[in-house]
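Worksheet for the structure shown next.
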């Protein structure tokens, strides 16, 4: 059952993965809204009615079988006019009461289903709920960073973390909290790997606005990383401190320069990272060479 549910969620999620957040979550919710509405107002009531019918039939068969056995065992005594034990009559009355109870329960389920179908002829959610969801979810997403210290902000963050964990479970089978699952050390490795692959635009987007304003513009960034540095070698990465919002990482690195084809002297840099809740990743906030 769990595997089937995982397969269903994965089938819905896979085409949505290229979409950025919160669009990915929004589309997923909009898809599920009519599904859950149909399950609530059509499928579940019908299943409960059918289940009550099956239970009633089963109970009726068992009760009548027991009454039949009781009849055969007491038949001889009845023929001879012997008095039957009082317990026999009590059992018969109890079985009869059970049959009546389940019959009435079945009838109530049927009435409830008929009422639901009559009262809610439209099982599809009204268009206004789709509109409200389409407006409210992005609003929460973009407001969340400014209120994340409040109880409401923490509640919103927990909801989005649950979504990321659901995505991870659907795709890998492992339920893991996301957004801080990417360690600062792995972020540093990924960043310099991006530099080495020549994807400078992607690397530039991993710098915070604070870092960009204190360092350089994109053209100066390209003049250094594209025109001067051929390769970055990471010798060691050490996590100095970390919390949910920031981290400091010590990186031992060397640059292979393009002009002369030589490595620079080994360098130790302390990078300050902050968690960007909009991008759902770490970004560079500052850096200082300590050697």
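The values are calculated or read from the model by the stated rules, or taken from the named source; none is laboratory data. The shown structure was predicted, so the numbers you read here are calculated from the model rather than taken from an experiment. Neighbour counts run over all protein chains shown; Cβ positions are idealised from the backbone, glycine included.
Going through (1) surrounded by 12 or more Cβ atoms within 10 Å (Cβ to Cβ); (2) modelled with pLDDT of 75 or more one by one, residue 117 falls short only on (2). The selection criterion, being closer than 30 Å to residue 139 by Cβ and not assigned by TED's automatic domain parsing to the domain that holds residue 147, holds for residue 274.
Of the numbered criteria (1) in contact (Cβ under 8 Å) with a residue 24 or more places away in the chain; (2) part of a helix (DSSP H, G or I); (3) surrounded by 13 or more Cβ atoms within 10 Å (Cβ to Cβ), the one residue 212 fails is (1). None of 241, 246, 216, 208 is over 38 Å from the mean Cα position of the chain (by Cα) and either farther than 22 Å from residue 157 by Cβ or assigned by TED's automatic domain parsing to the domain that holds residue 186 (or both) except 216. Restricting 125, 138 to residues that are touching a helix residue (DSSP H, G or I) at 6+ places or on another chain (Cβ under 8 Å) and assigned to a loop (DSSP other than H, G, I, E, B) narrows the list to 125. Condition (residue is under 30 Å from residue 146 (Cβ atoms), touching a helix residue (DSSP H, G or I) at 6+ places or on another chain (Cβ under 9 Å) and touching a residue at least 24 places away in the same chain (Cβ under 8 Å)) applied to the range 227-242: is it met by at least one residue? For the range 227-242, residues under 30 Å from residue 146 (Cβ atoms), touching a helix residue (DSSP H, G or I) at 6+ places or on another chain (Cβ under 9 Å) and touching a residue at least 24 places away in the same chain (Cβ under 8 Å): present.
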